[in-house]
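The values are calculated or read from the model by the stated rules, or taken from the named source; none is laboratory data. The model shown is predicted, which means the values in this text are computed figures rather than measured ones. With ideal geometry, Cβ positions are generated from the backbone for all residues, glycine too; neighbour counts draw on all protein chains shown. The accessibility values were calculated without ligands, DNA or RNA, using every heavy atom of the protein model including side chains. Shrake-Rupley method; radii C 1.70, N 1.55, O 1.52, S 1.80 Å.
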Amino acid sequence: MVSCAQYCMFISAPGCIFMTYLGLMISIGSETIYVKPKSTIEASFALFITAFIYAGCFVFSYHSEYSQIQRGNQFESWINENQVREVEMEQIQINYPPKQQPQPQPEIIQEKQVEEVEEKKQLLE
């Protein structure tokens, strides 16, 4: 299926060539062109500007069509690299020992509990 950018490229390339050809023919005063403009300089200038616009459309369409392919390939390679890294990490399975938290000493716990109970008694009184 042809994308919009490809269609624009295929229309712009012949348009650019045809407008350049017409501009050259009018600028040299060729008799094969049956239309006689009032001013050959203005007419040929207008046709060259039109050819330049067609060329710009062609370049823009080409860039938008084929830069998407490049970006897609880069994205796919990035995904593949990340998948490879994940598989490598699963194969390595680095197991670090869990960090041991210091166990509170029972004497300190009892003292704190006693202090809490005394504070509650004072608040109740």
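In the list Asn73, Asn82, which residue meets the criterion of being open to solvent by less than 60 Å² (accessible area, probe 1.4 Å) and either touching a helix residue (DSSP H, G or I) at 6+ places or on another chain (Cβ under 7 Å) or at pLDDT below 90 (or both)?
Only one candidate qualifies: Asn82.
Of all residues in segment 28-66, which are at pLDDT below 90, surrounded by 13 or more Cβ atoms within 10 Å (Cβ to Cβ) and of a type in the set (S, T, N, Q)?
Listed by number, the residues that qualify are Thr40, Ser64.
Yes or no: segment 107-123 includes at least one residue that is open to solvent by less than 100 Å² (accessible area, probe 1.4 Å), part of a helix (DSSP H, G or I) and modelled with pLDDT under 65.
yes
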